[in-house]
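Derivation of every value follows stated rules applied to the coordinates shown; laboratory data play no part. All figures in this text were calculated on a predicted structure; none of them were measured in a lab. Note: ideal-geometry Cβ built from the backbone for every residue, glycine included; neighbour counts use all protein chains shown.
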């Protein structure tokens, strides 16, 4: 094999590895969010911290396809046994910079900071942006909370400043 062939073959291999690496990054994108996140505390705007059993909750993130673009996300919060909130939705990560969300079940206000008596079944669209800064991934919903995934910690910031901390 001459030098020119070795360079050409080496270049091809290098390009293939680069392309595979770029694709693998997208395939593994949801690995940082997938799984079950358990609510450890809620801090209200006035600085009061609420912990279990006064409040409990979980967020479950499950990728739905092989190209890692869609996910099923469900959120459940109970308030001391007296109130329940549930939100079921599907996310489409579009271009990994923007997302669309379609909620199909909302009970007790869904992901709001306080429960109510509502119950809604039907499709409700939403959208937002995705920010990536090192190991931190931020989902900023246009009309709702911001989810910040960082390692084994998920912080949900509600529009009024209430903050939930969930751990994997």
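Brief remarks follow.
- The stretch 86-168: translational diffusion in µm²/s, Stokes-Einstein, Kirkwood Rh over Cα pairs, 37 °C, 0.692 mPa s: 244
- With each label modelled as a point 7 angstrom along the Cα→C-beta vector, the residue 65-residue 36 pair spans 2.7 nm.
- Extension gain from residue 72 to residue 118, taking 0.36 nm per residue of separation minus the Cα-Cα distance: 14.4 nm
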